[in-house]
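Here is the structure we will look at.
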């Protein structure tokens, strides 16, 4: 699947819907997308739609209510009594409580591990971008050449694309980086929205050949390009052997985080546990009306409904958190986290470009041409002037001397 995109300037992250009728957004700041909050017009106790699991548990709760009504009808109009001793309820409650605690704790651990995996991946990307932006030059040859700067920017853009690739890989959105019409070039995802992302596609190098249709994940494929850049940087004298080794360690940590998130995605809860959990909940809900009918009468219907709503709600939350990489409101905010990471690196890349232009202009002024960058023999400068030291980024005043 060849990608016929040139390498345009880094696209600016779209901030659509930054203003709505009910609330306003502040200006750009770190974590703009992932930390968005809007004032709640209703207390959480009165929320029944957004973020709640009421609709998911509505059917089982309704069925248990109908069954309770049937039991009360039999007890009132058909038999003298159908009640059983309510001492059986505490024994079943212990079993139900243990199962639900295990279910929710396991699901939340998966959610937390997935979020930590995203943090580890973003941290590794930050470390690699920082190292590349500040250390990609030679102290003896001066600032990087235009071809070398293009190689640096290409690699930084690939690092920006890796979180996008991981997000789409975990959501099984194959072809999100490819033009519509390929083998995996789906025009819509599971939500019915466009899976193809032009911002993401614009970050990938021109002519990249994807192999998702052959079983190779795009995140793993992109790490080969970053590793190749590290090797080239070492050969150019940009990174000493320990520094290159540390960069590869960061790349390995990134792959490790990606693999742990992939494990969460590909390892569902054991089906035997899910079957037994559903059956125990259904059994408890069927026994509860018989234990309450003698004392509660018709009031057993709302009481049983409330109890089963509580239990099935806990089970529903665990079901949502089991796969934390989807589109549910309670899932990890994958799109926001990836968008914030791209916005952050966009700023670094723009600053690096401006810094390179200023540094290169000063270097040309001091050396007249690129050929004098190499210091050898009688033409070499003495003392500290032999070394080119790149000035710090993010300084308001550009450096006045490059050596």
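Taking only the Cα atoms of the range 249-296, the radius of gyration and Dmax are 21.5, 68 Å. Is the shape of the range 71-157 rounded, prolate or oblate, going by the alpha carbon gyration tensor and its root eigenvalues a ≥ b ≥ c, with a/c under 1.5 for rounded and a/b larger than b/c for prolate? It is prolate, given that a/c is not under 1.5 and a/b is the larger ratio. Of 174, 299, the sequence from fewest to most neighbouring Cβ atoms within 10 angstrom is 299, 174. Taking the inverse of the mean 1/r over every pair of distinct Cα atoms in the range 53-109 gives a Kirkwood hydrodynamic radius of 14.1 Å.
With Cα atoms defining each centre, the range 223-271 and the range 285-325 are spaced 47 Å apart in the structure. For the range 204-222 and the range 98-113, write down the distance between their C-alpha centroids in whole Å. Each part reduced to its Cα centre gives a spacing of 34 Å.
Extension gain, residue 253 to residue 351: 0.36 nm times the residue separation minus the Cα-Cα distance gives 32.6 nm.
From the Cα gyration tensor of the range 189-282, with a ≥ b ≥ c the square roots of its eigenvalues, which class applies: rounded if a/c is under 1.5, or else prolate if a/b is larger than b/c, or else oblate?
Oblate, because a/c is 1.5 or more while a/b does not exceed b/c.
Is the range 233-357 rounded, prolate or oblate when judged by the Cα gyration tensor, a ≥ b ≥ c being the square roots of its eigenvalues, rounded requiring a/c under 1.5 and prolate requiring a/b larger than b/c? Since a/c reaches 1.5 and a/b is larger than b/c, the shape of the range 233-357 is classed as prolate.
Bear in mind these aren't lab numbers, they're just calculated from the coordinates by the rules spelled out. Predicted, not measured: the structure shown is a model, and the values here were computed from it. Quick reminder, even Gly has a Cβ in these numbers, built from the backbone with ideal geometry, and neighbours come from all protein chains shown.
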